[in-house]
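Asker: Encoded as structure tokens, here's the structure I'll be asking about.
The values are calculated or read from the model by the stated rules, or taken from the named source; none is laboratory data. These numbers come from a predicted model, not from an experiment. Quick reminder, even Gly has a Cβ in these numbers, built from the backbone with ideal geometry, and neighbours come from all protein chains shown. Heavy atoms of the whole protein, side chains included, go into the accessibility calculation; ligands, DNA and RNA do not. Shrake-Rupley method; radii C 1.70, N 1.55, O 1.52, S 1.80 Å.
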Amino acid sequence: MSELVISDLRASVGDKEILRGVSLTVRSGEVHAVMGPNGSGKSTLSHVITGRPGYTVTGGSVHLDGVDLLALPAWERAHAGLFLAMQYPTEVPGVSLESMLVESAVAAGRDASAVASAIRSEADQIGFDASLIDRPLNVDLSGGEKKRNETIQLAVLQPRIAILDEIDSGLDVDAMRAVTRRIESATNDTEPLGVLAITHYRRLFDELEPDHVHVFADGTIQKTGGPELAEELERTGYAEWVDPDATVETASAFDNPFGDTTFADALNLHEG
Ligand code: ADP
Ligand code: MG
């Protein structure tokens, strides 16, 4: 059994504090939903836990099975059993999905001979076009294809804990069902996956059953409940947690590579 323990985590970009004390424990087999408005710091949370450069951790800790993740470079965090399905998956020209996963298996000291067939069977299961497997990683793939690609990586790598950052974005209903069904099944394996699933939408949880739902706003968890909280959020939106006086800075495209996050976006969340 594994355990990701996030304790009073605080982090900044430049002199702007984005994570303001996040505490959360994800155990094997559990699904934790993190739901909140745009610009609240959800992706920042995923990046800080997995070790993306550019953030300053100003307080708190993150441990995976007792290992201090914040002391490690990103690849060693992955080695410790952590996986991130990115909100905006990176295109990697010149590197195929298979090369990446074979090298990952080798680095983890695993048998890499089964990787190629595992990729094909996972792709088939979630409706990822087999002709795309040999393309450079994520290059020229549609949003939904990238999300399926992330899911294949997750299924083949078999991490202990996975963070899914808006894995539902870009997926149509059928693809969403296939992807979430696959992840739900990983949470029921003999070594069950623990999931921290970031999303705006309850529909992610039609197949993937959350044990705990957390409302995330203004850089911290504001409320925790069961699956019924996701239903409630679907009805009410996040207005209760969006401070009308807050100024969510719209950083320039140059210094905010993630950024479709504006205050207006947060308010218009349920119109789209
Ligand atoms: P969410 O995923 O909840 O939409 P993010 O974590 O992407 O929110 O962003 C939270 C806030 O932090 C936003 O105001 C965003 O502009 C800002 N931010 C995140 N990363 C950076 C960065 N690298 N540089 C500047 N601002 C950033
Ligand atoms: Mg985000």
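Asker: Please give the charge dipole size of region 116-182, origin at the Cα centre, charges +1 on K and R Cβ atoms and -1 on D and E Cβ atoms. Round to the nearest 20 debye.
Answerer: Charge dipole, region 116-182, about its Cα centre: 260 debye, nearest 20.
Asker: Less than 13 Å Cβ to Cβ from LEU141, Lys/Arg counted +1 and Asp/Glu -1: what total charge do the surrounding residues give?
Answerer: Spelling it out: positives minus negatives among the neighbours equals -2.
Asker: Can you give the angle from 0 to 90° between the axis of helix 227-236 and the longest principal axis of the chain, with both taken from C-alpha atoms, to the nearest 10?
Answerer: Once rounded, the angle reads 60 degrees.
Asker: Relative to the longest principal axis of the C-alpha atoms of the chain, give the angle of the C-alpha long axis of helix 97-107, reported between 0 and 90° and rounded to the nearest 10°.
Answerer: Value to nearest ten degrees: 90.
Asker: Rounded to the nearest 20 Debye, what is the dipole magnitude of the chain about its Cα centre when Lys and Arg each give +1 and Asp and Glu each give -1 at the C-beta?
Answerer: Dipole of the chain, to the nearest 20 debye: 440 debye.
Asker: If you don't mind, there's one more thing I want to ask. Which angle from 0 to 90°, rounded to the nearest 10, does the C-alpha axis of helix 143-157 make with the longest principal axis of the chain?
Answerer: The angle comes out near 60 degrees.
Asker: Let me ask something else about it. If I compute solvent accessible area with a 1.4 Å probe over the protein chains, what percent of it on region 1-108 is carbon and sulfur?
Answerer: Carbon plus sulfur share of accessible area: 53 percent.
Asker: With a probe of 1.4 Å, find how much accessible area region 139-184 has per residue, and write the answer as a whole number in Å².
Answerer: In whole numbers, region 139-184 has 34 Å² accessible per residue.
Asker: Would you calculate a helix-derived [θ] at 222 nm for the chain, using -39,500 (n - 2.57) for each DSSP H run of n ≥ 4 and dividing by the full residue count, to the nearest 500?
Answerer: Rounded to the nearest 500, the figure is -9000 deg cm²/dmol.
Asker: Hey, with R₀ at 35 Å, roughly what FRET efficiency would LYS16 and ASP129 work out to, going by the Cβ-Cβ distance, to 0.05?
Answerer: FRET efficiency, LYS16 to ASP129: 0.30.
Asker: Ignoring ligands, DNA and RNA, what accessible area per residue does region 1-100 give at 1.4 Å, in Å²?
Answerer: Dividing the accessible area of region 1-100 by its residue count gives 42 Å².
Asker: Hey, can you rank 62-74, 79-91 by average C-beta count inside 10 Å, highest first?
Answerer: Ranked from most to least packed, the peptides come out as 79-91, 62-74.
Asker: Right, here's the next one. Contour minus end-to-end for VAL173 and ALA74, with contour as 0.36 nm per residue of separation and end-to-end as the Cα-Cα distance?
Answerer: Full extension of this stretch gives 32.4 nm more.
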